[in-house]
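A short write-up of the structure that comes next.
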Amino acid sequence: MTVLVLHHRGSLAATPYDTWLADYDGEVLLLASREYLDLVGEDLPTADHGYRHAEAVHDYEVSGRVEARSLDLAREYGVRHVIACQERDLERAAQLRDILGLPGQRLDSVIPFRDKVLMKELVRAAGLETAEQQAVECAADILSFADEHGFPLVLKPRDSASSVGLSIIGSRVELDAYLTDEFDLYGPHQPNLMAESFVAGPMCHRGRLVVDGRLVMAWPSQYQYTLSSFREDTGGRLDLTLDVDDPVTGRLIEFTERVLEALPGPRDFTFHAEVFHTPDDRLVLCEIACRTGGAAVRDIIRTLFGVDPSECWVRAQLGLPLPAVLGTERLKPTRMAGQLVLMKRPGRVVAIPEEAPPFPWLEKFRVFVRPGQVMEAASFSGDFMVTAIVSGPDRAACGTRLRQVESWFLGELVLEDTSAQVTAGCSPRIHDPELRVAGSSPAR
């Protein structure tokens, strides 16, 4: 009864599969990305952890080595389940289940969540609003879309994740520059691009857990920032849950349930939906993913409901018992929560706070850098320097508390400007006016 876990991205320490499966009657194997372990500064679990075999795979994403090693391990250990929690692992896990004849999610319920063109066609057919969109095969498709829908427009891979490859084009001049400098990066033979009309308004998101076809917990939040600005935005990025009595809360819950009904999800899964709330009070689907939300969404859910959605998702797939709190009634939060994210930014870390944060309402705090480390600009929307989760009686209190944590951390952070050491034409800049740079005084 061996289970194989695929881990493409993120912290292994924060996703302890061996602990989640401690009561599983079988062995646990792990294949993880060497590149992303290096990115978060982690090593493979040591022998005293609960893995029968743990291996870091180089060129994890596109080399085919993950698939080859998975089949090798399946033959050697008799794998009976394949588990994948990261979005870019969902398709390869489904294909491996097909090849090996194993239970679990298949491609017919993965592709509608990964292919955003197909996703939105299905959602629009169900009578729900999405941005105008078009699959792109060549530059002429982008030009005709711009002529019809105007600017700004959004270009991104149709199976993108974590805002990787996303571009917001504000004018015809910017589009001409994009077509000249960047369009060929996607390759002429395997187009994987889509164009969308830009939707104004804040981004709300909702996620969470479906077990045996039943939605057992979910609650909406709202980003206080633009997702695609992760490379330039070094200020605090806040994400706050909506209050119980917020008039948008119930509408978002109903809207997302209708989106799920339009898509062929598996029996057990987590999801993360992103929905625009426009200035004229419409709800417009941005996209929905068949996995747990990124950033600190799991931590927010733990704060709201006391359970980890990814852990429950993994255990449900293997038929293991779930927390008793997940009964017949859908869970409702008893308090609100919020997260602060500070992205990595260019510079050498000289100092970070030495003491623990002095806030009793701080639920979780994590620093992803250490003194002496040289940072580059964030490479994707989950490339964090700091994350923090707070709880509070309502949305406003959570927002105030997150700003207190931000001020406390940035007041102790010392970052050395390394731009003079960078090749000309690639010089990073220190963006945050509150940031202390070695040899200077804090900004006033």
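The values are calculated or read from the model by the stated rules, or taken from the named source; none is laboratory data. This structure is a prediction, so every number in the text was calculated from the model and none was measured. A quick note on method: Cβ atoms are made from the backbone with ideal geometry, for glycine too, and the neighbour counts reach across all protein chains shown. Just the protein is used for accessible areas: all its heavy atoms, side chains included, with ligands, DNA and RNA removed. Shrake-Rupley method; radii C 1.70, N 1.55, O 1.52, S 1.80 Å.
Side notes on the structure shown:
- Long-range neighbours under 6 Å by Cβ, at least six apart or interchain, first residue within 23 Å of Arg282 (Cα to Cα) within region 131-153, second crowded, with 17+ Cβ neighbours inside 10 Å and among the hydroxyl-bearing types (Ser, Thr, Tyr): Ala131/Ser197; Glu132/Ser197; His149/Ser197
- Exclusive hit being in contact with a Leu (Cβ under 9 Å, 6 or more places away or on another chain), modelled with pLDDT of 95 or more and closer than 21 Å to Thr387 by Cβ, set Tyr24, Tyr17, Tyr77: Tyr17
- Residue in region 34-49 that is under 22 Å from Gln317 (Cβ atoms), modelled with pLDDT of 95 or more and outside any helix (DSSP H, G or I) present: no
- Selection count, region 68-80, where residues are within 15 Å of Val3 (Cα to Cα) and open to solvent by 40 Å² or more (accessible area, probe 1.4 Å): 7
- Unique residue being over 30 Å from Met375 (Cβ atoms) and assigned to a strand (DSSP E or B) when the list is Leu30, Leu71, Leu4: Leu4
- Of the strands (runs of 3 or more DSSP E) lying entirely inside region 81-174, the ones with 1 or more residues being over 19 Å from Gly64 (Cα atoms), in contact with a helix residue (DSSP H, G or I) (Cβ under 7 Å, 6 or more places away or on another chain) and open to solvent by 40 Å² or more (accessible area, probe 1.4 Å) are found at 133-136, 167-169.
- Test result for Arg34, basic (Lys, Arg), free of Cβ contacts under 8 Å to residues at least 40 places away in the same chain and over 23 Å from Arg106 (Cα atoms): yes
- Applying the condition of being among the hydrophobic types (A, V, I, L, M, F, W, C) and in contact with a Ser or Thr (Cβ under 8 Å, 6 or more places away or on another chain) to region 74-93 and asking which residue is nearest to Leu12 (Cα to Cα) yields Cys85.
- Scanning region 234-253 for residues being surrounded by 17 or more Cβ atoms within 10 Å (Cβ to Cβ) and within 17 Å of Gly392 (Cα to Cα) gives a total of 5.
- Selected residue (criterion: farthest from Gly104 (Cα to Cα)) from residues of region 298-340 that are open to solvent by 10 Å² or more (accessible area, probe 1.4 Å) and among the hydroxyl-bearing types (Ser, Thr, Tyr): Thr334
- When we screen Gly207, Gly293, Gly213 for residues that are open to solvent by 20 Å² or more (accessible area, probe 1.4 Å), at pLDDT below 90 and closer than 21 Å to Ser109 by Cα, the only hit is Gly213.
- Filtered residue count, region 304-317, keeping only those that are more than 14 Å from Thr19 (Cβ to Cβ) and touching a strand residue (DSSP E or B) at 6+ places or on another chain (Cβ under 6 Å): 5
- Members of region 385-418 that are under 24 Å from Pro333 (Cβ atoms) and assigned to a strand (DSSP E or B): Thr387, Ala388, Ile389, Val390, Ser391, Gly392
- For Lys344, the conditions (1) under 30 Å from Pro220 (Cβ atoms); (2) of a type outside the set (Ser, Thr, Tyr); (3) in contact with an Asp or Glu (Cβ under 7 Å, 6 or more places away or on another chain); (4) modelled with pLDDT of 95 or more all hold with the exception of (4).
- Residue check, Gly187 of a type in the set (Gly, Ala, Ser), modelled with pLDDT of 90 or more and either out of contact with any strand residue (DSSP E or B) (no Cβ under 6 Å at 6 or more places or on another chain) or under 25 Å from Val117 (Cβ atoms) (or both): no
- For region 354-382, filtering for residues that are outside any strand (DSSP E or B) and closer than 18 Å to Leu410 by Cβ leaves 13.
- Unmet requirement for Ala195, which otherwise passes all of (1) farther than 26 Å from Thr292 by Cβ; (2) modelled with pLDDT under 90; (3) within 23 Å of the chain's Cα centre (by Cα): (2)
- Residue selected from region 368-382 under the condition within 17 Å of Tyr223 (Cβ to Cβ) and surrounded by 19 or more Cβ atoms within 10 Å (Cβ to Cβ), by the criterion modelled with the highest pLDDT: Ala378
- Across region 1-14, the number of residues qualifying as farther than 20 Å from Pro321 by Cβ, in contact with a Leu (Cβ under 9 Å, 6 or more places away or on another chain) and of a type in the set (A, V, I, L, M) comes to 3.
- Exclusive hit being aromatic (Phe, Trp, Tyr), modelled with pLDDT of 90 or more and open to solvent by 50 Å² or more (accessible area, probe 1.4 Å), set Phe409, Phe359, Phe365: Phe365
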